[in-house]
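**Student:** First the structure, then my questions, so here it is.
The values are calculated or read from the model by the stated rules, or taken from the named source; none is laboratory data. What you see is a predicted model, and the numbers here were worked out from it, not measured in a lab. Ideal geometry is used to build each Cβ from the backbone, glycine not excepted, and the neighbour counts take in all protein chains shown. Just so you know, the surface numbers come from the protein's heavy atoms only, side chains and all, with ligands and any DNA or RNA stripped out. Shrake-Rupley method; radii C 1.70, N 1.55, O 1.52, S 1.80 Å.
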Amino acid sequence: MTWWREAVVYQIYPRSFCDTNGDGIGDLNGVRSKLAYLKDLGVDALWLSPIFPSPMRDFGYDVSDYTGIDPVFGTLSDFDDLVREAHERGIRVLLDWVANHTSSDHPWFVDSRSSTTSAHRDWYVWRDARPDGSLPNNWVRAWSEEAAWTWDETTGQYYLHCFLPSQPDLNWANVDVRSAMHETLRFWLDRGVDGFRMDVIHLLGKEIERDDPEELRVLSHTPLNDVAVTHDYLREIRSVLAAYEGDRVAVGEVYLLDPERVATYYGDNDELHLSFNFASLFTPWRANAWRDIIEKTESALGAVNAWPTWVLSNHDNARVATRLGGDLQRVRAALVLLLTLRGTPFLYAGDELGMEDAQIAPERVVDPGGRDGCRSPIPWTVSADHGWPGEPWLPFASRGDVMSVESQDSDESSMLNFTRRLLALRRGHVALVSGELVDLRVEGDVLSFDRVSDDSRLRVMVNFKDAPAMSARKSGRVLLTSASGSADGQLNANEVVVLELSK
Ligand code: NOJ
């Protein structure tokens, strides 16, 4: 098995992880200072949300230089130190490659917008108004009901931006754009990174002449863009990575909510190695709903021999603990699903603590997409500053003292120690890492499935109900439970168990 099929990937939102210089913003040296914590937690790879120079109008997803480090995060030499020390501990490092758009401050766009004949004019998507004076098409940009087009006075044309007007879309149909972007990959591959999470990568190819269906425009254009030529671009990107030793990985953010559509972006094992499967972020906490999404994922990806991924939280959506109403028993069950389903799990920093979103007062709102709550700083210590030497850029979530790493570390029954045991269990059982997933079923409110390898069979059972459930199938040696003391044959309210069955 390649490493990225076995790995547990931990997402770090660097601004909110750990600050070492007191400016209230997390930095690369902060990440480096927590490598021992991450090793002890048991993760195998880190994905860092963007750390490149940026005016931060979308907090780094608006890149103004693809081959540098924003000073707020540190320097290239800090980055090299981080990669070296992570590798020394056997932890891999993935960067976040934002290829669909740049910042409007990027020199390419500054030149592009300067005249219709500039060297970079065709590097972005410029269009005249339609003959009747209307917009080039009816696409809507993210986080608004506004058009994905902005009129530029200087040259009298519209430019396309699927996100903010300060995030103009690159024109991937232009071969020079593709070569320049491939070079940015090589820059980081040469520095030893193990791969990339690729931002909205399904957006690269576009059919500008096609309007979106009127009834779906509320979704914005991004989840509607599914165009054949993107697969050609992905094959080129894959071959850039393939020229390097060490199984460098491409993990795509394919923001299409149907696993069957997502599966096509793995190509014939010549496009993405992995793609996010966001359906789990939107699946209600019901046994049947989870069975359906597991079944759908297994069949869509299984059909093309593609390896699944699972995710519970990220920097764009409410945290799992918030979605589950702060019920930590349910969060434990959700973490067990994340780490025992077949596929590569992506664990968002702070979920190992059961963190909830912070409440953001109106005067503290900074994100144009309303996502500040899930980006609040990690509380490291019990003390009022939670280990942050300066006032952090966003407020802490509530109960930072009891939720802190320091407090949970010393409590055997804490979420943190539960997550550590869960990760260790996964590491110790080939069946959980690479075994087949079989016997998926729901009995009453209990979802269960087995993971099977040559020499072992493990059963995962989750009671989705707020009341005990009888389950005839609860027999076997208990390897992990979220409850303290459960009777045989019965699952406590919201209990999850992992059992070892005799094969
Ligand atoms: C998806 C990223 O996850 C999100 O944070 C960002 O705002 C958009 N892409 C635009 O880059």
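**Student:** Only one of these conditions is not met by residue 292: (1) assigned to a loop (DSSP other than H, G, I, E, B); (2) without any contact (Cβ under 8 Å) to a residue 12 or more places away in the chain; (3) of a type in the set (D, E, K, R). Which number is it?
**Tutor:** So residue 292 meets the others, but not (1).
**Student:** Kindly check whether there is at least one residue in segment 172-188 that is away from the ligand (no atom under 16 Å from the Cβ), open to solvent by less than 10 Å² (accessible area, probe 1.4 Å) and either free of Cβ contacts under 8 Å to residues at least 12 places away in the same chain or within 20 Å of the chain's Cα centre (by Cα) (or both).
**Tutor:** Among the residues of segment 172-188, at least one is away from the ligand (no atom under 16 Å from the Cβ), open to solvent by less than 10 Å² (accessible area, probe 1.4 Å) and either free of Cβ contacts under 8 Å to residues at least 12 places away in the same chain or within 20 Å of the chain's Cα centre (by Cα) (or both), which makes the answer yes.
**Student:** Can you confirm whether segment 112-135 contains a residue that is open to solvent by 50 Å² or more (accessible area, probe 1.4 Å), closer than 25 Å to residue 346 by Cα, in contact (Cβ under 8 Å) with a residue 60 or more places away in the chain and away from the ligand (no atom under 16 Å from the Cβ)?
**Tutor:** no
Yes/no matrix, rows are residues, columns are (1) in the same structural domain as residue 189 (by TED's automatic domain parsing); (2) within 20 Å of the chain's Cα centre (by Cα); (3) surrounded by fewer than 22 Cβ atoms within 10 Å (Cβ to Cβ); (4) among the small types (Gly, Ala, Ser):
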residue	(1), (2), (3), (4)
24	yes, no, yes, yes
42	yes, yes, yes, yes
45	yes, yes, no, yes
56	yes, yes, yes, no
76	yes, no, yes, no
79	yes, no, no, no
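**Student:** Separate question: Among 442, 497, which is the only one that is over 28 Å from residue 306 (Cβ atoms), part of a strand (DSSP E or B) and open to solvent by less than 50 Å² (accessible area, probe 1.4 Å)?
**Tutor:** One residue alone meets the criteria, 497.
**Student:** For segment 219-228, which positions are in a helix (DSSP H, G or I) and either within 12 Å of the ligand (Cβ to nearest atom) or closer than 13 Å to residue 264 by Cβ (or both)?
**Tutor:** Hits for segment 219-228 are 222, 223.
**Student:** Going by the conditions given, is residue 251 of a type in the set (Val, Ile, Thr), crowded, with 23+ Cβ neighbours inside 10 Å and part of a helix (DSSP H, G or I)?
**Tutor:** no
**Student:** Further question on the same structure: In the set 270, 258, 292, 316, which member is open to solvent by 10 Å² or more (accessible area, probe 1.4 Å) and within 16 Å of the ligand (Cβ to nearest atom)?
**Tutor:** Selected residue: 316, the only one of 270, 258, 292, 316 that is open to solvent by 10 Å² or more (accessible area, probe 1.4 Å) and within 16 Å of the ligand (Cβ to nearest atom).
**Student:** Working only within segment 401-419, note down all residues that are over 11 Å from residue 339 (Cα atoms) and assigned to a helix (DSSP H, G or I).
**Tutor:** 401, 402, 403, 405, 406, 407, 408, 409, 415, 416, 417, 418
**Student:** Here is a follow-up. Can you tell me which residue among 13, 66 is crowded, with 16+ Cβ neighbours inside 10 Å, within 22 Å of residue 372 (Cβ to Cβ) and touching a strand residue (DSSP E or B) at 6+ places or on another chain (Cβ under 9 Å)?
**Tutor:** None of the others qualify; the one that does is 13.
**Student:** Any idea how many residues of segment 34-69 are within 15 Å of the ligand (Cβ to nearest atom) and either over 22 Å from residue 422 (Cα atoms) or hydroxyl-bearing (Ser, Thr, Tyr) (or both)?
**Tutor:** Number satisfying all stated conditions: 17.
**Student:** Is there any pair with a first residue in segment 55-76 that is outside any loop (DSSP other than H, G, I, E, B) and a second that is open to solvent by 40 Å² or more (accessible area, probe 1.4 Å) and within 14 Å of the ligand (Cβ to nearest atom) whose Cβ atoms are under 7 Å apart and which are 6 or more apart or on different chains, and what are they?
**Tutor:** none
**Student:** Please note which strands (runs of 3 or more DSSP E) are completely contained in segment 81-179 and include at least 1 residues that are of a type in the set (Ser, Thr, Tyr).
**Tutor:** 149-152, 157-160
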